[in-house]
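Enquirer: Please read through the structure below; I'll follow up with questions.
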Amino acid sequence: ASTMLRASLAPGKMQDVPLLPSLDYEKLKKDLITGNDRLKAFLLQALRWRLTTSYPGEQRDTVLQAYISNDLLDCHNNCQRSVLKLLNSKSEVVRQYMARLINAFASLAEGRVYLSQNPTLLRMLEERLRAEDKDSLTWENVLGALQKFSLRRALQSAMIKDGLIFWLVDVLTDTDCLSDYTLEYSVALLMNLCLRSAGKKMCARIANHVLKVLANLLGHENHEIQPYVNGALYSILAIPSVREQARAMGMEEILRCFIKEGNAEMIRQIEFIIKQLNSEEPLNDGVVSDDEEEEEDEEEDHDIMEADLDKDEVLQPQLGELAGEKLLTTEYLGIMTHTPKTKKKLFAGVHQSIDEPLQRPVTPSYHRTSYVMPENDTSSCPHRDEKLQSPPSRHSPICGGSQSSISDLCISPSSRTAGFTWLQTYYAYIFLHALLTLSISSYSECPSAFTSKPKIPRTPEGHSTSPRKGKVPAIAPQFSQSEPQQTSRSSSSGSSTKSRQS
């Protein structure tokens with residue numbers, strides 16, 4: 001009975017997701033370098049779609065691992081002609097689609113590790129950021145990739161040395177020409193760089209300019225940027241000279257104006273900033289943002305694939321043209337070379353109180369999801385594709401039914417809502433009620449009914465026939481899988497035994 005009950009409550013098996021066909025990466029890379037611009041753009045689009053539309057988990061991990069193991073972007077190749085050079089193509093469409101693919105790579109933790117191994121890529125992205133129009137999708141995706149790069153400490157240090165903070169402050173002086181995506185990623189990138197001691201010192205060199213820009217952003221209509229503005233402001237106010245400049249410009253009065261209008265979370269963050277502003281403590285170089293004292297990049301180990309990566313596609317196939325997965329599997333099918341890799345457990349979230357301004361590097365799309373987690377702890381990443389899971393039984397203690405016992409069903413009220421749905425709890429109580437009812441009736445009506453041993457053993461050996469010893473009579477025969485005729489004969493045999501004994 002317990003086996004049947006567990007089987008009925010066991011979560012449904014996750015649907016099997018097939019691995020995508022392997023590709024001929026040598027031919028792919030050759031055409032990316034020597035093909036015409038239209039073919040290059042279609043290939044870059046198809047390769048990106050492989051990443052962005054694959055299911056999170058083994059399918060996406062295998063796609064990314066194949067890209068990395070075949071060095072798709074030539075990150076380990078310093079030749080004059082490499083795939084990365086497409087970022088400087090004369091074709092605007094090729095540049096855009098190359099930037100989109102790099103941004104997709106940067107959305108995944110292992111992709112960031114792979115990209116960071118090329119010493120020239122960061123400089124190429126920074127140059128492209130300064131060269132492109134601010135309203136172009138190429139500019140937007142380059143900025144998105146750089147912001148995700150800022151989750152890695154070595155790349156943070158390089159961006160600070162390259163003076164990216166000064167450039168960002170200038171860009172954020174006029175936000176009217178920036179899209180929401182660009183604005184959010186610009187402010188989040190600025191905050192991530194300001195968390196480091198070197199970044200704070202850079203801001204101290206232009207303290208008045210930085211403070212004015214951040215004060216203006218506090219009142220921006222896009223409320224998604226507020227946590228990053230607060231985090232940047234809180235960080236740079238750790239510098240005594242910046243605090244003095246802020247007091248001189250009346251920053252406390254400005255902040256108190258926003259306390260009257262903000263929500264509870266923002267109000268608490270602003271109160272922390274005011275406390276920092278009025279602090280008299282000298283700069284503490286031993287805080288989170290310093291270099292050698294903290295473990296390398298553990299806090300950034302998460303994946304988030306944004307829908308924006310595939311928005312506003314400018315490239316559309318004409319009649320007879322192949323695109324997407326059809327292009328890859330028709331022209332570039334390779335020998336099966338998949339080597340699925342077991343991923344290490346990813347970092348579950350930014351472990352800090354939401355009352356305080358952010359003091360850990362984040363990326364906007366991940367930060368939005370990290371605050372809508374349920375009360376019970378989830379060890380999986382918040383962005384997992386929910387089509388591959390069975391939500392009602394996600395944390396159920398009954399998993400598959402192979403090792404559980406009947407005691408698994410005896411749950412306390414405090415744990416009932418965390419582990420069971422109401423339907424599971426209902427079935428469990430029905431089973432327990434039936435168990436107790438049958439036990440009591442067995443005591444009162446036929447205390448010696450089970451003294452004769454069944455022909456097919458279905459109960460544990462050694463049960464006493466005397467009810468005084470407190471043993472619960474085994475109920476397995478009531479749920480026997482024997483044929484009806486066998487049950488009938490067994491019953492009549494039991495009755496004749498009972499009459500002979502009396």
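Enquirer: Taking residue 99, is it at pLDDT 95 or above and touching a Lys or Arg at 6+ places or on another chain (Cβ under 6 Å)?
Expert: No, not satisfied.
Enquirer: Answer yes or no: is there a residue in region 236-257 that is over 24 Å from residue 186 (Cα atoms) and within 28 Å of the chain's Cα centre (by Cα).
Expert: Checking region 236-257: not a single residue is over 24 Å from residue 186 (Cα atoms) and within 28 Å of the chain's Cα centre (by Cα).
Enquirer: Would you check if there is a residue in region 61-74 being part of a loop (DSSP other than H, G, I, E, B) and over 20 Å from residue 107 (Cβ atoms)?
Expert: No, region 61-74 contains no residue that is part of a loop (DSSP other than H, G, I, E, B) and over 20 Å from residue 107 (Cβ atoms).
Enquirer: Give the residue, chosen from 204, 188, 215, that is assigned to a helix (DSSP H, G or I), open to solvent by 10 Å² or more (accessible area, probe 1.4 Å) and touching a Ser or Thr at 6+ places or on another chain (Cβ under 7 Å).
Expert: None of the others qualify; the one that does is 204.
Enquirer: For region 120-138, enumerate the residues that are over 17 Å from residue 156 (Cα atoms) and open to solvent by 10 Å² or more (accessible area, probe 1.4 Å).
Expert: Passing the criteria: 128, 130, 131, 132, 133, 134, 135, 136, 137.
Enquirer: Hey, could you check region 265-302 for residues that are open to solvent by 60 Å² or more (accessible area, probe 1.4 Å) and modelled with pLDDT of 80 or more and say which is nearest to residue 201 (Cα to Cα)?
Expert: Going through the qualifying residues, I end up with 280.
Enquirer: Just checking, which of 116, 69, 107 is under 16 Å from residue 309 (Cα atoms) and polar (S, T, N, Q)?
Expert: 107
Enquirer: Name the pairs whose Cβ atoms lie under 7 Å apart, with the first residue in region 265-280 and free of Cβ contacts under 8 Å to residues at least 24 places away in the same chain, the second open to solvent by less than 70 Å² (accessible area, probe 1.4 Å) and not small (Gly, Ala, Ser), and 6 or more positions between them or separate chains?
Expert: Close Cβ pairs (under 7 Å, with a partner that is open to solvent by less than 70 Å² (accessible area, probe 1.4 Å) and not small (Gly, Ala, Ser)) amount to 267/259; 274/252; 274/255.
Enquirer: Same structure again: For a quick check of your reading: which helices (runs of 4 or more DSSP H) sit entirely within region 83-171 and have at least 2 residues that are in contact (Cβ under 8 Å) with a residue 60 or more places away in the chain?
Expert: Hits in region 83-171: 92-106, 109-115, 137-149, 153-161.
Enquirer: Counting only residues that are without any contact (Cβ under 8 Å) to a residue 12 or more places away in the chain and open to solvent by less than 60 Å² (accessible area, probe 1.4 Å), how many does region 236-261 have?
Expert: Adding up the residues that qualify gives 1.
Enquirer: Go through 147, 117 for me and flag whichever is open to solvent by less than 10 Å² (accessible area, probe 1.4 Å) and not basic (Lys, Arg).
Expert: 147
The values are calculated or read from the model by the stated rules, or taken from the named source; none is laboratory data. Quantities reported herein were computed from a predicted structural model and do not represent experimental measurements. Cβ coordinates were reconstructed from backbone atoms using ideal geometry, including for glycine residues, and neighbour counts include every protein chain displayed. Just the protein is used for accessible areas: all its heavy atoms, side chains included, with ligands, DNA and RNA removed. Shrake-Rupley method; radii C 1.70, N 1.55, O 1.52, S 1.80 Å.
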